[in-house]
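Participant: After the structure tokens below, expect a handful of questions from me.
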Amino acid sequence: QVQLVDSGGGLVQAGGSLRLSCAAFGRIFGIGDMGWYRQAPGKQRELVANITSEGSINIADSVKGRFNISRDNAKNTVYLQMNSLKPEDTAVYYCNAKIRPTILMDYLDVWGQGTLATVSS
């Protein structure tokens, strides 16, 4: 059993910052790409940022220059630092990771439960 537990959401005023965390627990042989997605009310889930196991980063244009992603491989954790937040950043943020439970298994696509970030104007 492998799971992702994400946290760090909350209510913040426009211009403020939040830091999201997501840790992987369970039987883990290796972790590939890790990332953050978000889903605003009435909209489809979209990629915010992802990071490979080697540290290569991809960030969506809508948040480039304001958000940054990082990971701590020793802690099986990925972070999303969100600065200069705007009301349109309000969404449920989900972490995602490709996790290989054992050497005999392929990578699984695992999702966190989601954490709500609300930005007030």
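The values are calculated or read from the model by the stated rules, or taken from the named source; none is laboratory data. Computed from a predicted structure; not experimentally measured. Backbone-built Cβ (ideal geometry, glycine too); neighbour counts: all protein chains shown. Protein only, heavy atoms only, side chains kept; ligands, DNA and RNA dropped before computing areas. Shrake-Rupley method; radii C 1.70, N 1.55, O 1.52, S 1.80 Å.
Participant: What lysines sit close enough to LYS75 to cross-link, taking a C-alpha to C-alpha distance under 19 Å and skipping anything fewer than 8 places away on the same chain?
Facilitator: Result set, ordered by chain and number: LYS98.
Participant: Report, by chain and number, residues whose modeled amide H sits under 5 Å from the one on GLY10, excluding near sequence neighbours (fewer than 5 apart, same chain).
Facilitator: ALA117, THR118
Participant: Right, something else. Just to check, using Stokes-Einstein with a Kirkwood Rh over alpha carbon pairs, what's the diffusion coefficient of the stretch 18-121 at 10 °C and 1.306 mPa s in µm²/s?
Facilitator: 113 µm²/s
Participant: A further question on this structure: Suppose every K and R has +1 on its Cβ and every D and E has -1 on its Cβ; what is the size of the dipole of the chain about the Cα centre, in Debye to the nearest 20?
Facilitator: My answer is approximately 140 debye.
Participant: Here's a follow-up. Through the Karplus equation 6.51 cos²θ - 1.76 cosθ + 1.60, θ set to phi - 60°, convert the phi angles of the stretch 34-50 into ³J(HN,Hα) values in whole Hz; use x for Gly and Pro.
Facilitator: Calculated HN-Hα couplings, in order: 10, x, 10, 10, 9, 9, 8, x, x, 10, 7, 5, 10, 6, 9, 6, 9 Hz.
Participant: With every protein chain kept in the model, how would you rank TYR93, TYR37 by accessible area, 1.4 Å probe, largest at the top?
Facilitator: Ranking TYR93, TYR37 by accessible area, largest first, yields TYR37, TYR93.
Participant: So which aspartates and glutamates pass the test for LYS64, namely a Cα distance under 18 Å, with those fewer than 8 places away in the same chain ruled out?
Facilitator: Once the sequence-local aspartates and glutamates are set aside, what remains near LYS64 is GLU46, GLU88, ASP89.
Participant: Want the number for THR118 to GLU46: 0.36 nm per residue separation, take away the alpha-carbon distance, what's left?
Facilitator: Full extension from THR118 to GLU46 adds 24.3 nm.
Participant: May I ask you to derive the relative contact order of the stretch 1-107, considering only C-alpha pairs under 8 Å and at least 6 residues apart, and to give it as an integer percent?
Facilitator: 35 percent
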